[in-house]
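J.: Handing you a structure now.
The values are calculated or read from the model by the stated rules, or taken from the named source; none is laboratory data. Predicted model, so just to flag it, every value in this text is computed and none were measured. Neighbour counts run over all protein chains shown; Cβ positions are idealised from the backbone, glycine included. Note: areas computed on protein heavy atoms with side chains; ligands, DNA, RNA excluded. Shrake-Rupley method; radii C 1.70, N 1.55, O 1.52, S 1.80 Å.
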Amino acid sequence: MRIYAVGDIHGRDDLLAELQGRIAEDAARAPSATNILIYLGDYIDRGLQSKQVLDRLSGSRLAGFEHVFLKGNHELAMLQFLGDAAFGKTWKYYGGLETLHSYGVQELTRTDDPAAFERAREHLLEVLPAAHRDFLEALEVSREFGGYFFAHAGVRPGISLQRQIEEDLLWIREEFLHSDASFGKVVVHGHTPNEEVVVRPNRIGIDTGAYMTGVLTALVLEGQGRRFIQTGEAAMPLAAAS
């Protein structure tokens, strides 16, 4: 088994296309019985190509891979806006405006009028492809493979992996990031951007701030080996990033 875990994309379809190509090339060079491709969430917002990212992820899949799509807090926000226009006042200011623009929804560009939020929600519902809505509603909150646990943001220390709640899996930061405790498995996560990957005994963070840095990262796990594939770079061994 070989696992590829992809960090936060945030509306950078250009980087996603490049990274998928690199992953496909990597898998072709060293065929494995099973290739698993895990996306850690935050596909949308901040970058300007959110619609294109969801087009790609909800459409054709890389041949020869099992795909796992996890939910990020930004996907949760989009779903909340689809259900309640008033939530747009929150979503708009942490990346939602860029997502709306990618769908051609511009009612909120220059106003916070409550009526404009409802018009924007109705417009988004009109133009949102059914495949995108289905994709968002089917996202998982976590997965486990071998000695690794995959979640968007992390886990709450002191709580077993089987008892973690969605709010923490999608949102947690300080309590998780500052913990030296064993979580039972190594947690692979995104959510908190860093210019370089973060490797700790209990966690691996692979959100390299793609929408700002132009670097989208995939962690490759195979046997006891760990390495990274990034946009614009060749595969990087773990020691170079720890």
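J.: Which residue pairs have Cβ atoms under 6 Å apart, sit 6 or more places apart or on different chains, and have a first residue in the range 184-204 that is open to solvent by 10 Å² or more (accessible area, probe 1.4 Å) and a second that is aromatic (Phe, Trp, Tyr) and in a loop (DSSP other than H, G, I, E, B)?
T.: 202/183
J.: Go through the range 50-109 and tell me which helices (runs of 4 or more DSSP H), entirely inside it, have 3 or more residues that are open to solvent by less than 40 Å² (accessible area, probe 1.4 Å).
T.: Qualifying helices (runs of 4 or more DSSP H): 50-58, 73-83, 96-102.
J.: Return the total of residues in the range 121-150 being assigned to a helix (DSSP H, G or I) and either surrounded by 16 or more Cβ atoms within 10 Å (Cβ to Cβ) or touching a Ser or Thr at 6+ places or on another chain (Cβ under 9 Å) (or both).
T.: Qualifying residue count for the region: 9.
J.: Taking residue 81, is it in contact with a Phe, Trp or Tyr (Cβ under 7 Å, 6 or more places away or on another chain), among the aromatic types (Phe, Trp, Tyr) and within 20 Å of residue 40 (Cβ to Cβ)?
T.: No; evaluated as a whole, the condition is false for this residue.
J.: Please specify each residue of the range 151-181 satisfying the condition of being surrounded by 17 or more Cβ atoms within 10 Å (Cβ to Cβ) and assigned to a helix (DSSP H, G or I).
T.: Those that are surrounded by 17 or more Cβ atoms within 10 Å (Cβ to Cβ) and assigned to a helix (DSSP H, G or I): 168, 169, 170, 176.
J.: Which ones in the range 45-85 are closer than 20 Å to residue 113 by Cα and either among the polar types (S, T, N, Q) or modelled with pLDDT under 95 (or both)?
T.: 80, the sole residue that qualifies.
J.: Quick check on residue 118: is it surrounded by fewer than 18 Cβ atoms within 10 Å (Cβ to Cβ), more than 30 Å from residue 189 (Cβ to Cβ) and in contact (Cβ under 8 Å) with a residue 24 or more places away in the chain?
T.: yes
J.: I'm trying to understand the selection: among the residues of the range 34-49, which are among the β-branched types (Val, Ile, Thr), open to solvent by less than 10 Å² (accessible area, probe 1.4 Å) and in a loop (DSSP other than H, G, I, E, B)?
T.: 44
J.: Out of everything in the range 182-195 that is part of a loop (DSSP other than H, G, I, E, B) and closer than 18 Å to residue 9 by Cβ, what residue ends up being modelled with the lowest pLDDT?
T.: 195
J.: Under 8 Å by Cβ, and 6 or more places apart or on different chains, what pairs join a residue from the range 216-242 that is hydroxyl-bearing (Ser, Thr, Tyr) with one that is modelled with pLDDT of 95 or more and open to solvent by 40 Å² or more (accessible area, probe 1.4 Å)?
T.: 231/18; 231/22
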